[in-house]
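The values are calculated or read from the model by the stated rules, or taken from the named source; none is laboratory data. Remember, it's a predicted structure, so these values are computed and weren't measured experimentally. For neighbour counting, all protein chains shown are included, and Cβ atoms are generated from backbone atoms with ideal geometry for every residue, glycine included.
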Amino acid sequence: MSSKISSHPRVRFAPSPTGYLHVGGARTALYNYLYAKKNGGEFILRIEDTDEARSTQESLRGVVDDLVWLGLMWDEGVDPVTLKDVGPNGPYRQSERLGIYKEIADKLLKDGKAYYCFMTEAEIEKQKEEAKANGSFAHLQSPYQDWPLEKALERLKTGDKAVVRYKTKGLEKDYIFTDLVRGEVKFPSDMVGDFVLLRSDGMPVYNFCCVVDDHLMKITHVFRAEEHLPNTLRQLMIYEAMNWAVPEFGHMALILDEDRQKLSKRKGAVACGQLKDEGYLASAVLNFIALLGWSDPQGRELLSVEDMKQVFDISRLNPSGAIFDRVKFKWMHTMHLRALPNADLWKAIQPFLAREHMELPQDPAWQGKSLDLFKPYMETLADAIELYRPLNDKAYVILPEAEETLKWEPTKAVLASWKNLVQAHPSDYMTEEEFLKLQDEVKNQTGAKGKHLFMPIRVAVIGKPHGAELKTLVPLMKKSSLVSRAEQALAKA
Ligand code: GLU
C-alpha cells in the first residue's frame, strides 16, 4: 500500500527549455498557478533540461522572462533574475539532480523492478524487424531482464554500456485512474514494454525524472497537456514500483486553430514573447487563455487574474479541444486596453515609443489627454507608435508627397496666415473648437477653401497632405511646435 498524498496543495509547471513559451504552455502554467493561489498552496517552477542536445540557457531565460511578463510568479524554482535555485526542495533543474535519479534507479535495480539491458541498437532493430515480419506487435524482449544484478554489474566493469529498463514482466492488471479533466482513464499494462529509465550515458528519461521529482517535491496535483496522457501509464508504473503516493492528474485539451488543427505559427503568434513584442497586454493574454478550456462560474468573459484567483475551480475544466479565435482575442485585448487607467497605459506604451526614440511631453495631464484621444484608435500597444509619431517634433519632416501641395498658388498665403494666427493664439495649447475656428479664420483671410485650405495646413502640422485628423492632433501640440513646423513648411513653399 503506498503512502497517502498530502492534503496541502502543491503544483508545478515543468517546462523543457528547448524553445519559446507557447500559449499552450502558458495556459498550463496559468492553471497550475491559479490552482495554487485559490487553494492556498505552492506553485513550483521545475526545469526539465535533461535533453542536453536541445536545452539551452537562452530558452530558459526566455521562458522565465515570459512567465514574469505574465505575472505567473512561482514560490519555488529558479530565481527569475539569476536563474539560481530558490526553495527548500531543490535543485529545481533536472540537470542538477542526476545523482538523485541514479540513487532511485539503483533502488529499483536492487529491488528487481528494473534491470541493466546491454542490447545494442542493432540488436533492438533486428528484433523489431523480426516481429514486423511475423506480424507480431510484441514489445521488446530483452535477454537481460532476468539477469541477477551482480552479473550485470560485473559486465559493466568490463566497460560495456547498458541502459536501465523498467521491468514490466509480471504486471498484468489494468492501470486505472480518475483524471480531473477527463474522468476515468484505463490503460492496459501491456500497452508498453520494458521502457528505459536511464540511458547508457546515465541521463534519465522524462517519465522517470518526472515521477522522482513530483514525489520529492511533494506535488499533489499534476495539470499538464493532453499529449502527456499516454506517459501517465509509465509514470503510474514507477510510482507503484517505488510504493509512492500518486498525485492527482488533470490533462488539458489541446488548443486548436480556427480550422480545428493544432495551433501553428502560420496563422499568427503562438509564442508569448511574440505577443508581448506585438504589443498585447499580459492581462488580456491571461484572460483569453484561461477561457480556452475553463469557464467562469458566473459566465463572465472579461476577467482579471485577481478575479480568476477567486473562482478558479478544476471542475470547470473542459475536456474538449478549445479554439484559439484570434478575432475574439483582439476584441478581448481592446477591452483590457481601454479599461487600463491612463497612467498604466502610458507606462505600457513606453517600450514601444522608445523603440522609435520619441520625445514627448513629461506632463501627466498632457499624457492623459493624449491617451483619451488616441485610445479608441489603439488595438495594441504598438499602435501608439504611429499615433504619437506626428507629435514628436524631432520626427517632423516635410515628405516628398507634400511637394505638389507646396507648389499650389494659394499655399504660401495659407501657411503664412496659419502661422500668424497660431502665433497670436493666447495660450500654449488650443482646444479642438479653437482650432476649427482658427482654420475658418485662415479661410476668411486667404479665400482658400477645400483641399487648397486643408492640405497646406496638414503639411504645416504633420509634413504631408494626408493622414491623421488635425482636430485630434493639434490640441496636443504646443504652440511653439506648431509655429516652428509652419515656418519649415513656409520655407519650402
Ligand atoms: N517537460 C514537460 C513538457 O514541457 C512537462 C511534462 C509534465 O508536466 O509532466 O511538456
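Results, tabulated for the structure shown:
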item	result
Residue that is modelled with the highest pLDDT [pool: residues in region 200-238 that are away from the ligand (no atom under 11 Å from the Cβ) and of a type in the set (Gly, Ala, Ser)]	SER200
Count of residues meeting criterion [within 9 Å of the ligand (Cβ to nearest atom) and basic (Lys, Arg)] in region 26-50	1
Qualifying residue in region 174-183 (condition: farther than 25 Å from ALA122 by Cβ, away from the ligand (no atom under 13 Å from the Cβ), among the hydroxyl-bearing types (Ser, Thr, Tyr) and touching a strand residue (DSSP E or B) at 6+ places or on another chain (Cβ under 7 Å))	yes
Test: residue in region 148-165 that is surrounded by fewer than 20 Cβ atoms within 10 Å (Cβ to Cβ) and within 31 Å of the chain's Cα centre (by Cα)	no
Pick from region 355-375, criterion in a helix (DSSP H, G or I) and polar (S, T, N, Q), ranking: surrounded by the most Cβ atoms within 10 Å (Cβ to Cβ)	SER370
Unmet criterion (only one of (1) over 20 Å from LEU45 (Cα atoms); (2) surrounded by fewer than 18 Cβ atoms within 10 Å (Cβ to Cβ)) for LEU233	(2)
ASP65 being away from the ligand (no atom under 16 Å from the Cβ), in contact (Cβ under 8 Å) with a residue 24 or more places away in the chain and either over 14 Å from LEU286 (Cα atoms) or assigned to a helix (DSSP H, G or I) (or both)	yes
Matching residues in region 377-396 - criterion: being more than 19 Å from PHE329 (Cβ to Cβ) and either out of contact with any helix residue (DSSP H, G or I) (no Cβ under 7 Å at 6 or more places or on another chain) or not in a helix (DSSP H, G or I) (or both)	GLU386, ASN392, LYS394, TYR396
The one condition in (1) more than 18 Å from the chain's Cα centre (by Cα); (2) under 21 Å from HIS251 (Cα atoms); (3) within 16 Å of the ligand (Cβ to nearest atom); (4) assigned to a loop (DSSP other than H, G, I, E, B) that SER6 fails to fulfil	(3)
Single unsatisfied condition, ALA241 versus (1) at pLDDT 95 or above; (2) surrounded by fewer than 19 Cβ atoms within 10 Å (Cβ to Cβ); (3) within 17 Å of TYR115 (Cα to Cα); (4) small (Gly, Ala, Ser)	(2)
Out of LYS479, LYS412, LYS437, sole residue that is of a type outside the set (Val, Ile, Thr), modelled with pLDDT of 95 or more and either over 29 Å from LEU371 (Cα atoms) or in contact with a strand residue (DSSP E or B) (Cβ under 8 Å, 6 or more places away or on another chain) (or both)	LYS412
Matching residues in region 447-493 - criterion: being among the acidic types (Asp, Glu) and part of a loop (DSSP other than H, G, I, E, B)	GLU469
Given (1) without any contact (Cβ under 8 Å) to a residue 60 or more places away in the chain; (2) under 20 Å from VAL205 (Cα atoms); (3) within 12 Å of the ligand (Cβ to nearest atom), number of the condition ALA53 does not satisfy	(3)
Condition broken by LYS128, with the remaining ones in (1) crowded, with 18+ Cβ neighbours inside 10 Å; (2) modelled with pLDDT under 95; (3) charged (D, E, K, R) satisfied	(1)
Residue count, region 257-273 (criterion: surrounded by fewer than 17 Cβ atoms within 10 Å (Cβ to Cβ) and part of a strand (DSSP E or B))	1
Some residue of region 165-186 being in contact with a Cys (Cβ under 9 Å, 6 or more places away or on another chain) and of a type outside the set (Val, Ile, Thr)	yes
Unmet criterion (only one of (1) crowded, with 16+ Cβ neighbours inside 10 Å; (2) within 17 Å of the chain's Cα centre (by Cα)) for PHE249	(2)
Region 171-198: number of residues that are over 24 Å from ARG316 (Cβ atoms), hydroxyl-bearing (Ser, Thr, Tyr) and in a strand (DSSP E or B)	1
Unmet criterion (only one of (1) more than 24 Å from ASN318 (Cα to Cα); (2) in contact with a Leu (Cβ under 6 Å, 6 or more places away or on another chain); (3) not in a helix (DSSP H, G or I)) for GLY250	(1)
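For (1) of a type in the set (A, V, I, L, M); (2) touching a residue at least 40 places away in the same chain (Cβ under 8 Å), each residue gets a yes or a no:
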{"position": "MET203", "(1), (2)": "yes, yes"}
{"position": "ASN207", "(1), (2)": "no, no"}
{"position": "ASP214", "(1), (2)": "no, yes"}
{"position": "LYS218", "(1), (2)": "no, yes"}
{"position": "VAL222", "(1), (2)": "yes, yes"}
{"position": "ASN231", "(1), (2)": "no, no"}
{"position": "GLN235", "(1), (2)": "no, no"}
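Let's see how each residue does on (1) assigned to a strand (DSSP E or B); (2) away from the ligand (no atom under 14 Å from the Cβ); (3) farther than 18 Å from GLU227 by Cβ:
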{"site": "PRO17", "(1), (2), (3)": "no, no, no"}
{"site": "TYR20", "(1), (2), (3)": "no, no, no"}
{"site": "GLY24", "(1), (2), (3)": "no, no, no"}
{"site": "SER59", "(1), (2), (3)": "no, no, yes"}
{"site": "TRP69", "(1), (2), (3)": "no, yes, yes"}
{"site": "ILE100", "(1), (2), (3)": "no, yes, yes"}
